[in-house]
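Contents: one structure, followed by commentary.
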Amino acid sequence: MSESILPLTTIRPDKGQIKGTAESEMELCCHPTYVKVNSLTVESDECGVDTIFDANKPFRVNSEIEFYGPGALALMALNVPIQVTYTAESYGPGIEAVIAEVRFNTSAGRLVYTAEATVAAGTLDGDKLYRISMLFRMGAEGTRLSIANGFISGILVQAYQ
């Protein structure tokens, strides 16, 4: 299980862009808010949570995203768009591609979200090793700026035929 704490980034006209680093506090509406990605898992119906699966069958990727801090409840009420993108990169020759995308908006009173997607059978070639990654973006689509972004990389999986 990987764990990552993603700081929020905000733009203030009087100070320009303010960036935080891991586990730092950021001001958004005058309150610090943190984003924590609790997990990135790969599951199949055949094996449950595992890192070896049949490439000819669908599998699921999911991650849990948690917001906390004094400003978190106020931020969730703003119905902020979240985009979670799952990618696969083969070791050696092969694919490097987006395998799934999940989009949702925050909602008032809710601090923990699960981004789950099913990857179609045949998306990955069999008899290869892949690194599965999760990219997180919080902010309006179509804009160059985001409130927060980050990634988890490094789950090694094997697909067989």
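The values are calculated or read from the model by the stated rules, or taken from the named source; none is laboratory data. It should be emphasised that the depicted structure is a prediction, and the values quoted were computed from it without experimental measurement. Cβ sites come from the backbone with ideal geometry, for glycine too, and all protein chains shown count toward neighbours.
Summary table
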read-out	value
Neighbours by Cβ (under 6 Å, 6+ apart or cross-chain): first from segment 133-161, at negative phi and surrounded by fewer than 18 Cβ atoms within 10 Å (Cβ to Cβ); second among the β-branched types (Val, Ile, Thr) and assigned to a strand (DSSP E or B)	Leu135/Thr85; Gln158/Ile52
Qualifying positions in segment 66-79 - closer than 21 Å to Leu135 by Cα and either small (Gly, Ala, Ser) or in a strand (DSSP E or B) (or both)	Glu66, Phe67, Tyr68, Ala72
Matching residues, segment 65-124, being within 22 Å of Ala55 (Cβ to Cβ) and among the acidic types (Asp, Glu)	Glu89, Glu96, Glu101, Glu116
Residue count for segment 66-75, restricted to those that are under 28 Å from Val119 (Cα atoms) and either surrounded by fewer than 18 Cβ atoms within 10 Å (Cβ to Cβ) or free of Cβ contacts under 8 Å to residues at least 40 places away in the same chain (or both)	1
Matching residues in segment 117-133 - criterion: being under 14 Å from the mean Cα position of the chain (by Cα) and modelled with pLDDT under 95	Ile132, Ser133
Answer residue from segment 68-106, given it is more than 13 Å from the chain's Cα centre (by Cα) and aromatic (Phe, Trp, Tyr) and is nearest to Tyr34 (Cα to Cα) among those	Tyr68
Given (1) modelled with pLDDT of 90 or more; (2) over 17 Å from Gln158 (Cα atoms); (3) surrounded by fewer than 18 Cβ atoms within 10 Å (Cβ to Cβ); (4) out of contact with any Asp or Glu (no Cβ under 9 Å at 6 or more places or on another chain), index of the condition Thr106 fails	(3)
Flag for Val112 being at pLDDT 90 or above and either within 20 Å of the chain's Cα centre (by Cα) or closer than 27 Å to Glu141 by Cβ (or both)	yes
